[in-house]
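Let me begin by presenting the structure, written as structure tokens, before commenting on it.
The values are calculated or read from the model by the stated rules, or taken from the named source; none is laboratory data. None of these values were measured; they are calculated from a predicted model. Cβ coordinates were reconstructed from backbone atoms using ideal geometry, including for glycine residues, and neighbour counts include every protein chain displayed. When the accessible area is computed, the model is the full protein with side chains, heavy atoms only, and any ligands, DNA or RNA have been set aside. Shrake-Rupley method; radii C 1.70, N 1.55, O 1.52, S 1.80 Å.
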Amino acid sequence: MSVLEQLGALDIGTNEQVDETLQRIADEEAKVNEKLESLLAKQCQIEAKMSGIGRSLSLLHTVDSDSNKLNDQIVNTAQLAESVSAKVRRLDLARCRASECQQRVHDLIDLHLCSQGVVKAIGEEDYEKSATHIARFLAMDQQLLRRTADDVQGSITSVSDAVKTLEDATEKTRVLIAKRFDEAVKADDLASVERFFKIFPLVGCHRTGIEKFSLYICQKLANKAQKELRNAQDIAKAESRLQLAYADRLTAILENFARVVEVNQPIIEAFYGQASSSLIDMVSILQHECDTEVKNLLMEFNKNRQIQYRSKQVNESTQRSAGGGNLGSNSIQALGHYRKPSGGSVDKLNPKEIDAIIAEITVMHARVELYFRFMRRRLQVHVETCVPEKEQFDIMERYEKIMKNSDLRRQMQEILSTYLLLERYFMEESVLKAIGLDTYESGQQCSSMVDDVFFILRKSIRRALTTQSINGTCAVINNVAACLDGDFVNALKAPLKSGYPSGYIDLAQAYNAIQTSLQQGKLHSSDADRGRANFLVQLNNADISTEYIETLCQTMEQEIAGTFPQTTQVERQMLDSCLTELKAVRDALKATVDFGMQQLRSSVIKPRLNPWINQFLNYSHNLNEEELAAYEAGETFVQFFIVQLDGLLNSFKNSLSPRNYDALVSILATEVTIQLERAIKKISFNRLGGLVLDQEVRALGSYLTGATSWSVRDKMTRISQIATLLNLDKITELSEYWNPENNKEMSSWHLTPNEVRTFLTLRNDFRIEDIKRLQL
Amino acid sequence: MEDYKFLFKIVLVGNAGVGKTCLVRRFTQGLFPPGQGATIGVDFMIKTVEVEGEKIKLQIWDTAGQERFRSITQSYYRSAHALILVYDISCQPTFDCLPDWLREIQEYANSKVLKILVGNKTDRDDREIPTQIGEEFAKQHDMYFLETSAKEAENVERLFYEIAAELIGQARSKDGSSSAAAAAAQRQSEGSSIGLGSFSAKAAQSNCCGGLASGGSNSSQGG
Ligand SMILES: Nc1nc2c(ncn2[C@@H]2O[C@H](COP(=O)(O)OP(=O)(O)OP(=O)(O)O)[C@@H](O)[C@H]2O)c(=O)[nH]1
Ligand SMILES: [Mg+2]
């Protein structure tokens with residue numbers, strides 16, 4: 001607010017008011033003065049700052065001009081550098097030209113030396129020397145030479161003359177060396193052959209050299225192989241390896257080829273180094289010869305080992321029995337392929353001989369796989385050390401193609417097929433034989449066939465592994481699964497199907513059987529005994545086989561991993577899938593065990609339990625104190641019952657495998673509770689009768705629990721709860737038990753409210769109205 | 001653990017060169033392989049498909065048609081859930097061999113196995129086997145029928161998807177959907193497949209045959 005406004009706003013009517021206003025104005029003035037003074041005091045500071053800024057400004061001008069100067073200098077330097085480097089480039093080019101020129105001069109000098117030398121060398125038949133001259137000549141840039149010849153046209157020493165001389169000499173030497181090489185081959189002069197083999201690359205004939213030399217070697221190997229094949233049997237006899245005669249010959253053939261590559265690889269690398277396809281060219285030609293030799297060998301093998309005849313026989317016997325199996329409309333037969341266990345056709349085809357042939361074939365197959373691997377490794381090393389990187393892949397690719405399309409490969413596929421046919425036949429026949437010769441010693445739970453069959457199957461898979469073929473191994477694993485799932489499971493199941501002989505399905509049948517026996521004056525107990533034992537043995541066999549399968553798969557998994565350490569992902573998956581399929585046969589075996597158990601249930605447990613449970617009805621459960629005392633003093637029902645059950649179980653205890661015995665106890669427990677429950681419903685109880693029942697059920701429960709390592713507690717729950725109901729003191733006590741919160745130790749109710757009411761009505765001292773009134 | 005509810009094994013058989021490998025590659029990799037060689041022994045591929053909201057793992061075994069691999073390929077019939085028998089509609093001999101193949105199937109495969117007859121290479125204009133002939137043959141021998149072209153991707157997806165759907169149907173009708181799934185899940189957790197057992201008791205379902213067979217005639221009308 002300004003002073004005037006203040007004045008205007010004030011009332012200055014009285015003196016005091018005027019004085020007061022004056023005083024106030026004076027105060028204001030003093031304040032304003034003070035402010036002005038403080039502002040003036042800052043003047044120096046501000047001026048100093050202003051002058052500082054002025055000075056800086058002039059400094060900035062200098063910086064600006066300096067940086068401009070610097071800029072100019074940099075541009076200059078750049079231009080300078082540009083021109084220097086251009087000069088350097090030009091210098092470099094000049095140097096290149098100079099060295100090229102020098103090279104040309106060298107070439108020209110050498111050209112003359114060579115052209116003179118080569119004529120002389122040819123005259124002296126010094127092929128190495130002439131070839132060295134030619135090699136020098138060929139190493140020159142031929143186009144450049146021609147240009148040089150043009151450049152120096154008219155010069156006294158005609159370059160083109162020299163070139164012409166050398167060209168002629170090259171042609172001549174090439175022809176000559178080829179001729180000499182052929183002569184050496186004809187004379188079987190190995191030293192000369194090798195001599196000229198090394199000269200071919202010097203005169204630029206890499207391909208011809210490799211071809212001629214390879215063919216020479218092929219011819220030599222062919223002769224050797226032919227001779228050895230003719231004497232195959234004699235050689236084998238001398239080495240007393242008759243059964244591996246052809247496998248040994250095949251090994252020898254493959255070793256020969258492998259050795260040729262091994263020995264010549266360094267020579268080729270040294271003399272044919274520039275042509276990177278030389279070694280693979282050689283391998284290609286050799287493989288052709290190898291194919292032929294192996295083919296001849298296999299022809300002999302097939303003839304001598306009667307492969308066609310035997311394959312035909314195997315095929316016929318398989319087909320014949322397959323037809324028989326199918327026409328029988330055998331409903332248990334899951335697979336169409338089946339042979340009668342009577343079989344025995346293995347006798348026609350001597351199993352020992354087949355065994356030996358199979359062994360020989362697996363050796364053959366393994367050797368070929370080894371050979372392929374050896375060659376691949378050789379080439380791999382070769383390309384890695386001697387071939388430019390960009391060509392390496394192509395050469396390895398070419399190798400894979402040669403081997404894949406080779407007749408050797410195809411022949412091995414054929415022979416693997418024969419192997420699989422014979423192996424399957426051998427395995428199936430041996431398994432049938434083992435089943436046919438099944439024996440068991442009394443006291444043993446299993447019979448001989450389980451060990452025998454699994455021994456045979458393991459042998460088959462192991463033998464498949466020795467072929468080194470993943471396809472073959474997978475096929476044999478598949479065949480093993482088929483054999484187990486077919487012949488083996490059927491053999492186990494057959495006696496189970498006809499039931500357990502002791503138990504008579506119904507009383508009439510039992511009565512008739514006994515009548516007949518009595519009429520004939522004897523009981524055929526021995527037949528029945530044998531039947532019983534066989535039933536239990538096969539049941540145990542099935543049970544133990546589930547473990548054997550597991551073990552077999554585990555062992556084979558390890559051995560497969562050992563045999564094929566490097567597999568592709570697909571191969572790994574194939575092997576895994578086949579093994580999984582083999583493992584799945586376990587399910588069929590488990591089903592067989594279950595089937596047998598159900599047979600025992602219906603033919604042993606049910607009929608035997610029936611009369612015992614009926615005894616229960618003869619014991620009154622309406623007791624007074626005296627009767628109770630009398631009852632407890634005598635033989636109670638449960639004592640009688642447990643003695644009977646114990647007798648029944650004991651008759652099985654030693655003859656069933658532990659797992660099967662436990663399964664039997666479990667089935668028994670189920671059946672006991674079902675039948676006892678039914679019997680309970682038929683009688684009535686008073687308080688003491690209920691007490692007795694509860695004691696009986698407890699005794700039964702503890703007996704059954706003690707009889708097995710498996711838990712039968714949950715099977716007893718329902719019957720225990722029924723006993724609890726009938727043992728109630730008063731009906732109102734039920735609520736204590738019914739609510740889950742009230743009884744922590746008791747498992748949840750297995751009875752519906754309606755069932756609870758039904759059972760409570762069995763207590764003759766409970767009133768119907770009270771039962772109806774229960775809140776459940 | 002992979003997440004799938006069923007695992008089915010499908011095996012392809014048929015003469016050499018009818019296009020089995022091409023069909024499988026078309027389905028699993030979506031391409032028509034140029035100039036790949038004949039199959040050696042068996043080849044193996046996996047594809048997971050989704051049918052009716054369920055993840056299905058298909059294990060596809062592509063067998064070699066050449067005679068000398070027969071003893072290898074035969075061993076795979078037993079565990080197959082479905083067998084695809086392929087011929088080349090432009091090559092009469094491949095059709096004439098079908099009875100031989102059926103004999104093999106009869107001998108080695110599960111009698112309840114799902115069988116599908118496939119006439120491949122419908123894209124070719126030098127057809128030798130009319131669709132109707134193929135269809136009749138299939139009907140006679142209780143097989144489903146479909147014509148395909150691996151080259152033009154015709155009916156290939158459909159072939160495999162219908163097989164998957166059919167196999168699910170069978171698996172369910174066998175043990176009721178929930179328990180089948182539970183069983184499958186359990187086997188799966190054990191690292192194993194649905195064994196032959198789950199199929200051996202399946203009821204023969206002739207009505208499903210209509211689905212694929214009519215599919216075949218539809219495609220012939222279209223083409
Ligand atoms: N035009 C035509 N050609 C096809 C078709 N499918 C396959 N081919 C050709 O048929 C030839 C053989 O095909 P593959 O798939 O190798 O036959 P494959 O049945 O697997 O033969 P193997 O393995 O020896 O049993 C190849 O040249 C393919 O290009 C098709 O749908 N149309
Ligand atoms: Mg193929």
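For B:L83, only one of the following conditions fails: (1) modelled with pLDDT of 95 or more; (2) part of a strand (DSSP E or B); (3) over 13 Å from the mean Cα position of the chain (by Cα). What is its number?
With respect to (1) modelled with pLDDT of 95 or more; (2) part of a strand (DSSP E or B); (3) over 13 Å from the mean Cα position of the chain (by Cα), B:L83 is out only on (3).
Any residue at all in segment A:425-434 that is without any contact (Cβ under 8 Å) to a residue 12 or more places away in the chain, assigned by the TED database to the domain that holds A:Q313 and open to solvent by 30 Å² or more (accessible area, probe 1.4 Å)? Even if it seems obvious, please write down each step before you answer.
To start, the set of residues in segment A:425-434 that are without any contact (Cβ under 8 Å) to a residue 12 or more places away in the chain comprises none.
Within segment A:425-434 (the criterion being without any contact (Cβ under 8 Å) to a residue 12 or more places away in the chain, assigned by the TED database to the domain that holds A:Q313 and open to solvent by 30 Å² or more (accessible area, probe 1.4 Å)), the answer is no, since none of the residues qualifies.
Kindly check whether there is at least one residue in segment A:652-662 that is farther than 22 Å from A:R763 by Cβ, surrounded by 16 or more Cβ atoms within 10 Å (Cβ to Cβ) and of a type in the set (A, V, I, L, M).
Yes, that holds for at least one residue.
With segment A:678-776 as the region, which helices (runs of 4 or more DSSP H) entirely inside it contain at least 2 residues that are among the β-branched types (V, I, T)? Steps first, please.
On the way: elements: A:687-707, A:713-726, A:734-738, A:753-760, A:768-773.
In segment A:678-776, the matching helices (runs of 4 or more DSSP H) lie at A:687-707, A:713-726, A:753-760, A:768-773.
Is it true that some residue in segment B:45-53 is within 13 Å of another protein chain (Cβ to nearest Cβ) and either open to solvent by less than 10 Å² (accessible area, probe 1.4 Å) or more than 14 Å from the chain's Cα centre (by Cα) (or both)?
no
Across segment B:17-44, what is the number of residues that are more than 13 Å from every other protein chain (Cβ to nearest Cβ), within 8 Å of ligand 2 (Cβ to nearest atom) and either free of Cβ contacts under 8 Å to residues at least 60 places away in the same chain or polar (S, T, N, Q) (or both)?
Within segment B:17-44, residues that are more than 13 Å from every other protein chain (Cβ to nearest Cβ), within 8 Å of ligand 2 (Cβ to nearest atom) and either free of Cβ contacts under 8 Å to residues at least 60 places away in the same chain or polar (S, T, N, Q) (or both) number 1.
Somewhere in segment B:106-123, is a residue under 26 Å from B:G30 (Cα atoms), of a type in the set (G, A, S), in contact (Cβ under 8 Å) with a residue 40 or more places away in the chain and more than 16 Å from ligand 2 (Cβ to nearest atom)? Talk me through it step by step, then tell me what you get.
The first filter runs over segment B:106-123 and keeps only residues under 26 Å from B:G30 (Cα atoms), leaving B:114-123.
Imposing the further condition that a residue be of a type in the set (G, A, S) reduces the set to B:119.
Those still in the list that are in contact (Cβ under 8 Å) with a residue 40 or more places away in the chain too: none.
Scanning segment B:106-123, I find no residue that is under 26 Å from B:G30 (Cα atoms), of a type in the set (G, A, S), in contact (Cβ under 8 Å) with a residue 40 or more places away in the chain and more than 16 Å from ligand 2 (Cβ to nearest atom), so the answer is no.
Being part of a helix (DSSP H, G or I), touching a Gly at 6+ places or on another chain (Cβ under 7 Å) and open to solvent by 10 Å² or more (accessible area, probe 1.4 Å): is that true of B:E104 here? Break it down stepwise before answering.
On the way: part of a helix (DSSP H, G or I): yes; touching a Gly at 6+ places or on another chain (Cβ under 7 Å): no; open to solvent by 10 Å² or more (accessible area, probe 1.4 Å): yes.
So B:E104 does not fit the description; no.
Okay, residues lined up against (1) among the polar types (S, T, N, Q); (2) within 30 Å of A:I134 (Cα to Cα); (3) modelled with pLDDT under 90:
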position: A:G52; (1), (2), (3): no, no, yes
position: A:K69; (1), (2), (3): no, no, no
position: A:I74; (1), (2), (3): no, no, no
position: A:S85; (1), (2), (3): yes, no, no
position: A:D92; (1), (2), (3): no, no, no
position: A:R97; (1), (2), (3): no, yes, yes
position: A:E100; (1), (2), (3): no, yes, yes
position: A:Q103; (1), (2), (3): yes, yes, yes
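Condition check ((1) under 20 Å from A:I285 (Cα atoms); (2) within 27 Å of the chain's Cα centre (by Cα)) across all residues:
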position: A:R378; (1), (2): yes, no
position: A:T385; (1), (2): no, no
position: A:P388; (1), (2): no, no
position: A:D394; (1), (2): yes, no
position: A:R398; (1), (2): yes, no
position: A:S406; (1), (2): yes, no
position: A:R410; (1), (2): yes, yes
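Pick out the one residue from A:G117, A:G123 that is assigned by the TED database to the domain that holds A:K172 and surrounded by fewer than 10 Cβ atoms within 10 Å (Cβ to Cβ).
Details: A:G117 fails: surrounded by fewer than 10 Cβ atoms within 10 Å (Cβ to Cβ).
Result: A:G123 is the single residue among A:G117, A:G123 that is assigned by the TED database to the domain that holds A:K172 and surrounded by fewer than 10 Cβ atoms within 10 Å (Cβ to Cβ).
Does A:E211 qualify as being among the charged types (D, E, K, R) and surrounded by fewer than 15 Cβ atoms within 10 Å (Cβ to Cβ)?
Numbers: among the charged types (D, E, K, R): yes; surrounded by fewer than 15 Cβ atoms within 10 Å (Cβ to Cβ): no.
Considered against the rule, which asks whether it is among the charged types (D, E, K, R) and surrounded by fewer than 15 Cβ atoms within 10 Å (Cβ to Cβ), A:E211 comes out as no.
Checking B:Y76 against (1) more than 9 Å from ligand 1 (Cβ to nearest atom); (2) surrounded by fewer than 24 Cβ atoms within 10 Å (Cβ to Cβ); (3) modelled with pLDDT of 95 or more, only one condition comes out false. Which one?
(2)
Restricting to segment B:16-30, what's the tally of residues that are open to solvent by less than 30 Å² (accessible area, probe 1.4 Å) and either among the aromatic types (F, W, Y) or part of a loop (DSSP other than H, G, I, E, B) (or both)?
The initial filter retains those residues of segment B:16-30 that are open to solvent by less than 30 Å² (accessible area, probe 1.4 Å), namely B:18-24, B:27.
Then drop every residue that is not either among the aromatic types (F, W, Y) or part of a loop (DSSP other than H, G, I, E, B) (or both), which leaves B:18-19, B:27.
Here the count works out to 3.
Return yes or no: is A:L693 more than 29 Å from A:N618 (Cβ to Cβ) and surrounded by 12 or more Cβ atoms within 10 Å (Cβ to Cβ)? Show your work before the answer.
Details: more than 29 Å from A:N618 (Cβ to Cβ): no; surrounded by 12 or more Cβ atoms within 10 Å (Cβ to Cβ): yes.
Considered against the rule, which asks whether it is more than 29 Å from A:N618 (Cβ to Cβ) and surrounded by 12 or more Cβ atoms within 10 Å (Cβ to Cβ), A:L693 comes out as no.
If you check A:A232 against the conditions, is it modelled with pLDDT of 90 or more, open to solvent by less than 20 Å² (accessible area, probe 1.4 Å) and not β-branched (V, I, T)?
On the way: modelled with pLDDT of 90 or more: no; open to solvent by less than 20 Å² (accessible area, probe 1.4 Å): yes; not β-branched (V, I, T): yes.
So A:A232 fails the test.
If you check A:D587 against the conditions, is it exposed (fewer than 15 other Cβ atoms within 10 Å of the Cβ) and either under 21 Å from A:N490 (Cα atoms) or among the charged types (D, E, K, R) (or both)?
no
Only residues that are of a type in the set (A, V, I, L, M, F, W, C) and not in a strand (DSSP E or B): list them for segment B:110-159, please. Even if it seems obvious, please write down each step before you answer.
Initially, segment B:110-159 is screened for residues of a type in the set (A, V, I, L, M, F, W, C), giving B:113-114, B:116-118, B:129, B:133, B:137-138, B:143, B:145-146, B:150, B:153, B:156, B:159.
Scanning segment B:110-159 gives B:V113, B:I129, B:I133, B:F137, B:A138, B:M143, B:A150, B:A153, B:V156, B:L159.
When you go through B:R25, B:R68 one by one, which is the residue that is in contact with an Asp or Glu (Cβ under 7 Å, 6 or more places away or on another chain), closer than 30 Å to A:D407 by Cβ and within 16 Å of ligand 1 (Cβ to nearest atom)? Please lay out each step first, then the result.
Values: B:R25 fails: in contact with an Asp or Glu (Cβ under 7 Å, 6 or more places away or on another chain).
Going through B:R25, B:R68 in turn, just one is in contact with an Asp or Glu (Cβ under 7 Å, 6 or more places away or on another chain), closer than 30 Å to A:D407 by Cβ and within 16 Å of ligand 1 (Cβ to nearest atom): B:R68.
Quick test for you: out of A:Q639, A:Q615, A:Q598, A:Q644, pick the one residue that is exposed (fewer than 14 other Cβ atoms within 10 Å of the Cβ) and more than 30 Å from A:D765 (Cα to Cα).
Details: A:Q639 fails: more than 30 Å from A:D765 (Cα to Cα); A:Q615 fails: more than 30 Å from A:D765 (Cα to Cα); A:Q644 fails: exposed (fewer than 14 other Cβ atoms within 10 Å of the Cβ).
Criteria check complete, one pass: A:Q598.
Is it fair to say A:T568 is within 14 Å of chain B (Cβ to nearest Cβ) and buried (at least 17 other Cβ atoms within 10 Å of the Cβ)? Lay out the reasoning, then the answer.
Numbers: within 14 Å of chain B (Cβ to nearest Cβ): yes; buried (at least 17 other Cβ atoms within 10 Å of the Cβ): no.
No.
Among (1) outside any helix (DSSP H, G or I); (2) within 19 Å of B:Y161 (Cβ to Cβ); (3) at pLDDT 95 or above, where does B:E50 come up short?
The single condition B:E50 does not satisfy is (3).
Where in segment A:377-483 are the helices (runs of 4 or more DSSP H), entirely inside, with at least 2 residues that are away from chain B (no Cβ under 13 Å)?
Once the helices (runs of 4 or more DSSP H) in segment A:377-483 are filtered for at least 2 residues that are away from chain B (no Cβ under 13 Å), what remains is A:389-404, A:407-436, A:448-466.
Quick check: is even one residue across segment A:44-65 within 30 Å of A:K164 (Cβ to Cβ) and open to solvent by less than 80 Å² (accessible area, probe 1.4 Å)?
Looking through segment A:44-65, none of the residues is within 30 Å of A:K164 (Cβ to Cβ) and open to solvent by less than 80 Å² (accessible area, probe 1.4 Å).
Out of the residues in segment B:60-75 that are touching a Phe, Trp or Tyr at 6+ places or on another chain (Cβ under 7 Å) and in a strand (DSSP E or B), state the one that is nearest to the other protein chains (Cβ to nearest Cβ).
In the first step, residues of segment B:60-75 are kept if they are touching a Phe, Trp or Tyr at 6+ places or on another chain (Cβ under 7 Å); the result is B:61, B:63, B:74.
From what's left, in a strand (DSSP E or B): B:61, B:63.
Values: B:W61: 9, B:T63: 11 Å.
So the residue we want is B:W61.
If you scan segment A:446-486, which residues turn out to be among the acidic types (D, E) and buried (at least 24 other Cβ atoms within 10 Å of the Cβ)? Quick ask: steps written out before the conclusion?
To start, the set of residues in segment A:446-486 that are among the acidic types (D, E) comprises A:451-452, A:485.
Correct list: A:D485 only.
Scan segment B:45-62 and give yes if some residue there is within 10 Å of ligand 2 (Cβ to nearest atom), on the phi < 0 side of the Ramachandran plot and not aliphatic (A, V, I, L, M), otherwise no.
So in segment B:45-62, the residues within 10 Å of ligand 2 (Cβ to nearest atom) come out as B:62.
From the residues that got through so far, the ones that are on the phi < 0 side of the Ramachandran plot too are B:62.
Narrowing the set further to residues that are not aliphatic (A, V, I, L, M) leaves B:62.
Checked segment B:45-62: at least one residue is within 10 Å of ligand 2 (Cβ to nearest atom), on the phi < 0 side of the Ramachandran plot and not aliphatic (A, V, I, L, M).
Which count do you get for residues in segment B:78-112 that are facing chain A (nearest Cβ under 9 Å) and more than 18 Å from B:A138 (Cβ to Cβ)?
Of the residues in that region, 5 qualify.
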